[in-house]
Protein chains: 4
Amino acid sequence: MSDNLKEKIKEFGLGTKTINNGHRTLNKDGSFNVTKTNLPFLERFNFFHSLISMPWWQFFSIILLGYFVINTFFACLYLWIGVEHLTGIQGISKTDKFLEAFFFSAQTITTLGYGRVAPIGILANIVAAIESMLGLLSFALATGMVYGRFSKPSPKIKYSSHGVIAPFNTINAFMFKIVNPHANQLLEVEAKLTLSMKKDDFGAREFYGLDLQIPKVVFFPYMWTIVHPIEKDSPLFGLDPESFLEKDVEFMVTIKAFDESFSQTVYSRSSYKAAEINWGEKFTNTVKFENGRMTVDVSRLDETEKAVLN
Amino acid sequence: MSDNLKEKIKEFGLGTKTINNGHRTLNKDGSFNVTKTNLPFLERFNFFHSLISMPWWQFFSIILLGYFVINTFFACLYLWIGVEHLTGIQGISKTDKFLEAFFFSAQTITTLGYGRVAPIGILANIVAAIESMLGLLSFALATGMVYGRFSKPSPKIKYSSHGVIAPFNTINAFMFKIVNPHANQLLEVEAKLTLSMKKDDFGAREFYGLDLQIPKVVFFPYMWTIVHPIEKDSPLFGLDPESFLEKDVEFMVTIKAFDESFSQTVYSRSSYKAAEINWGEKFTNTVKFENGRMTVDVSRLDETEKAVLN
Amino acid sequence: MSDNLKEKIKEFGLGTKTINNGHRTLNKDGSFNVTKTNLPFLERFNFFHSLISMPWWQFFSIILLGYFVINTFFACLYLWIGVEHLTGIQGISKTDKFLEAFFFSAQTITTLGYGRVAPIGILANIVAAIESMLGLLSFALATGMVYGRFSKPSPKIKYSSHGVIAPFNTINAFMFKIVNPHANQLLEVEAKLTLSMKKDDFGAREFYGLDLQIPKVVFFPYMWTIVHPIEKDSPLFGLDPESFLEKDVEFMVTIKAFDESFSQTVYSRSSYKAAEINWGEKFTNTVKFENGRMTVDVSRLDETEKAVLN
Amino acid sequence: MSDNLKEKIKEFGLGTKTINNGHRTLNKDGSFNVTKTNLPFLERFNFFHSLISMPWWQFFSIILLGYFVINTFFACLYLWIGVEHLTGIQGISKTDKFLEAFFFSAQTITTLGYGRVAPIGILANIVAAIESMLGLLSFALATGMVYGRFSKPSPKIKYSSHGVIAPFNTINAFMFKIVNPHANQLLEVEAKLTLSMKKDDFGAREFYGLDLQIPKVVFFPYMWTIVHPIEKDSPLFGLDPESFLEKDVEFMVTIKAFDESFSQTVYSRSSYKAAEINWGEKFTNTVKFENGRMTVDVSRLDETEKAVLN
């Protein structure tokens, strides 16, 4: 391994250990194909991370469940104190009393407070005063998470489904194409491309940072074709489609950008395996000038045409 | 194209494709003159981006509409359950009943809860309990967006309406001037200047990063004249006003800064086309010392005087 | 001016224009001694910046005033609709009616809703429904600002009241000292030192970036003495106390750091004029080892001792 | 001291002053072993920092206490105005009246407002109107802090309990190992390693920045062994276990990363003293391929095996 390559290998947190053939390190959706085991019990939970990452239906289910559980708890408390300490309770059966206490609790925890039912006496009043305060604090968490989820930047960059090996000047290059399908501007967009391939027949792997023709763009209004020219010092130099499969190559992409809507730095990841790379094709130009404006046809992101390799 | 220029071309996400003559890539207000078409249906909507970017009147209209729709929905629900499950309802006609249910819903969703009208019985109470909880969550979104819009940093940098070609030491330079009209401090202000011009008669364009005399300033209390000296290696070298128009030049400006009030990084963009550039003028010094303080006259941002070019 | 100095001059947004003698560009508290005039009317106001920067008493006065004005407006509206549309109103005189409407408005806008007074009829209900919604939205702004002000990072770095010219190895150096008096950690603390001095007798000024012995520290748990060694290429080389006064020197300091409590980047600024610089003194070491811990005596920040200059 | 080392010493805010033997500058948990004394009275308090750093039980105690104190204050105010201005008060004894006023205050400050007790007359209404507004503002602080604490990024990076001196190619190296036990992704993870050791017998210390084989990784899905190769220019070159103890070495680690869940930059710190370094051991590879996924066994973070030093 040349010094130059050694240098390039120095930037990834992936190690050069044995990885089974065909295994994908980075999934298409940007998650890692990794399991962490034997975590200490308490560190298995990361509430904020879970609550902000789970699907919306799951998030709302948890809030509804929590709302139900807390109100049940307080309803029991009011029952235990005695519903005679709540004015306006009309139920006679146990169930009716519980339900009225439950709804009184809901009216208290949301600080709704119709007042048709209201606490009388010290105990009921203490519980209600504490419940309304807890209600404000715990709804602060719930509503904070709702807004936090809603305002969390998630760059929905679309990647071309395939990479290509295309002619580039007098040599060839590995290329893929991205587009930001949304109206929000991404600025100072930076791409990093990492190659992982088998070093030997025992399954040990090596990682290389690949030089990009243009690693960073100031604006990103159109599509962007990201190009790694296969120069002589590229680890791809001299390889053919068969050796791509044999060496089980995986191209890992990281895109970093500043999202102007969210005023925050965002990251996006994806990867291409050997089978997702088309040799001898190049991406079609899909940006056109129409009605006085440049027009980007997002649906043609994957469009390629035949090209003779150098 | 020299290697030096090739290097400079490497920093923009704009491509070197055919662009029609006279077309403006970057509008004066910093938006891009680009349309994206054929988006997959679901990706056409980016609620957060839309809600934070739309004008205030539109934003409030949407909230009012949402408030009206949700209350109508719940009013219907209460009517369907039967208004006899709401105490204090006095209306007899259908319309009156609907209106009372509507206003009860409004009192519930805002957690106002006067209690003149209050739910009785299981069904009405369940709906009210859920409505008040949904009210807290959905108002969290609305109020979060109100504050998010209000606290969104938007650097209101003012650009001189024209750029100039002015003498600079023994050569000439392209200059424009900016000022921060507000009281908030912008720190570590960084300017990037990109030139776009026609490469040949077929309309293909090239992009160049232009070197600035001072690309970054620590403070920005006064005005700042941004200067690109037209050295021999500048793509502007040897051009005259006619070739500016012929080559359909467009100077694209990006300003990046840290806004101290908002504690956030902010971006601003603008552009100058050939027709917006005055040859043989220079900006007047409009910073004066008055009453023991430096004084910046913002209204004189565009003031220039004649200057003999080198 | 040597090329080296020219290079150094390239980093400030201050211009090299005429500044009156004795004028301070940067105040001790970090604000700039600059007035902006002739702003377009609409751009004079930057509500967020004003609301987040003003003193707390002023902020609360504005909120109280707004609360009063809005409730007065809605009280008038309810009076105009007719207080007979509010149940529970007992006042007979005009004043009493107005006051009851005013307090009803307050109970509505805060979503308190006791219900002793409650709206009856369409008009009063519509106004109350809108008021409670507006209340939620406008209190979102008020409470957002309260928390925004409270959680706004403001690095309270203390600067030594004087700078010194002290011996440093075989030469002399300009030094000043800073401390973070609070318990929160500042990380990756970076100092920038700018010198402003008169170029000639006509009052024109020049600006220089001064090299620091240590421009950036990873941690900042103790005090930090920031040192500019007066090497041969320093613009201070060969100057004496008289020429400091004559040339009206001003040392402008910018400190940039990451505040771990606030998880944000923060800035602090200050300056030293010629009269605030003591020649032939050096800062005393005020860090001691006591009871198994390092101890920093913040009150001794300004302590110096005599030192013979090289 | 060579120029090279002098250069390396330039990056820490720690000074080269006398520190007692065996003293730890940086604690294992990342806090500094430093006390600041003689702070000006007003600067001793940094409410935001305290409220966001204290344990949850302490935080809730303060909120509960504040809630109790404020309600007591307003209860006294209502008593002083006269409980006859509150409808629905049924208590006769002083205590009962106070309690009813207290609970009324709680219902007002949380904007609960049952209305069983409600204010009548100007004074009581004014106080209630102000209390409900203050309630909204002060609960904004409390709930903001609750969410701020919950959403504060705290990278729970786990460090191996010991560092090792292990063989590395043809030389030896200082190594330690870290893992992110949580599911959230850390990106662009950067390590900085600082060595502190005694310069002479008088206890003065020197600080060195140590070069790392890989100072920054793009991803961090597995474990990461951080390696400082002991080359000839390393300050560790030629030292043995005895001199480690004698010179009282301390390795200080700073990890900086971008936390994708929180969309924020986070820092983590720890340190290793001479006694926490094992000579002639190397870390075991604990990443395995199981069931089609890479598996990281977090509990084996500290696992080492014997290794013959070069």
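Just so it is clear, none of the values below were taken in a lab; they were calculated from the coordinates. Predicted, not measured: the structure shown is a model, and the values here were computed from it. Glycine also receives a Cβ, built like all others from the backbone with ideal geometry; neighbour counts cover every protein chain displayed.
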Exercise for review: Report the residue of chain C with the smallest Cβ-to-axis distance, using the rotation axis that brings C onto A, in whole Å.
Suggested key: C:G115, 3
Revision key, fill the gap. Whole-Å distance linking the alpha carbon centroid of region A:282-304 with that of region D:279-307 is 49 Å
Revision key, fill the gap. For region C:42-150, shape from the Cα gyration tensor axes a ≥ b ≥ c, cut at a/c of 1.5 then a/b versus b/c, turns out prolate
Study note, to complete from the structure: Going fewest to most other Cβ atoms within 10 Å around each Cβ, A:L239, A:L195 line up as A:L239, A:L195
Check your understanding: Which whole-number percent is the relative contact order of region C:140-189 (Cα, under 8 Å, 6+ apart)?
Key -> 31 percent
Check your understanding: From the Cα gyration tensor of chain C, with a ≥ b ≥ c the square roots of its eigenvalues, which class applies: rounded if a/c is under 1.5, or else prolate if a/b is larger than b/c, or else oblate?
Key -> prolate
Check your understanding: When each copy gets a label point 7 Å from Cα toward the beta-carbon at A:I126, what are the spacings between them in nm, shortest first?
Key -> 3.5, 3.5, 4.9
Practice item. For an R0 of 25 angstrom, estimate the FRET efficiency from the Cβ-Cβ distance between B:S299 and B:D29 and round to the nearest 0.05. Key: 0.80
Revision key, fill the gap. Rounded to the nearest 10, the angle in degrees between the Cα long axis of helix B:56-81 and the longest principal axis of the Cα atoms of chain B comes to 20 degrees
Practice item. Would you mind checking the tilt of helix C:122-150 against the longest principal axis of the Cα atoms of chain C, expressed as 0 to 90 degrees and rounded to 10? Key: 20 degrees
Review point. Does the protein assembly as shown come out rounded, prolate or oblate by the C-alpha gyration tensor, with a ≥ b ≥ c the root eigenvalues, rounded set by a/c under 1.5 and, if not, prolate when a/b is larger than b/c and oblate if not?
Key: rounded
Revision key, fill the gap. Expressed as a whole-number percentage, the relative contact order of region B:42-150 with C-alpha contacts under 8 angstrom and at least six residues apart is 28 percent
Practice item. At 7 Å along the Cα-to-beta-carbon direction for both C:K156 and A:I92, put a label point, then send me their distance in nm to one decimal. Key: 6.6 nm
**Study point:** Nm distances between copies for D:N285, ranked from closest, using label points 7 Å along Cα→Cβ
**Key:** 4.9, 4.9, 6.9
Check your understanding: When you count, for each residue, the other Cβ atoms within 10 Å and take the mean per peptide, how do D:101-113, C:86-98 rank with the highest first?
Key -> D:101-113, C:86-98
Review point. How many angstrom separate the Cα center of region B:98-131 from the Cα center of region B:180-256?
Key: 61 Å
Check your understanding: For D:D233 and A:K199, what is the calculated FRET efficiency with R₀ set at 25 Å and r taken between the beta-carbons, to the nearest 0.05?
Key -> 0.25
Check your understanding: Relative to the first principal axis of the alpha-carbon coordinates of chain D, what is the inclination of helix D:94-109, with its axis defined by its Cα atoms, in degrees from 0 to 90 and to the nearest 10?
Key -> 60 degrees
Exercise for review: Shielding by partners for B:180-189, please: the mean number of other protein chain Cβ atoms within 10 Å of each residue's Cβ.
Suggested key: 5
Check your understanding: Within region B:223-255, which GluC sites (Glu not before Pro) sit in a loop by DSSP and count at most 15 neighbouring Cβ atoms inside 10 Å?
Key -> B:E231
Check your understanding: Per residue of chain D, what 222 nm ellipticity follows from adding -39500 (n - 2.57) for every DSSP H run with n ≥ 4, rounded to the nearest 500?
Key -> -9500 deg cm²/dmol
Check your understanding: Distances from A:S243 to the same residue in each other copy, label points 7 Å out along Cα→Cβ, in nm, shortest first?
Key -> 4.6, 4.7, 6.6
Point to revise | chain D, relative contact order in percent, only Cα pairs under 8 angstrom and at least six apart counted | key: 20 percent
Check your understanding: chymotrypsin sites (Phe, Trp or Tyr not before Pro), restricted to region D:206-263: which are DSSP loop and have at most 16 other Cβ atoms within 10 Å?
Key -> D:F237
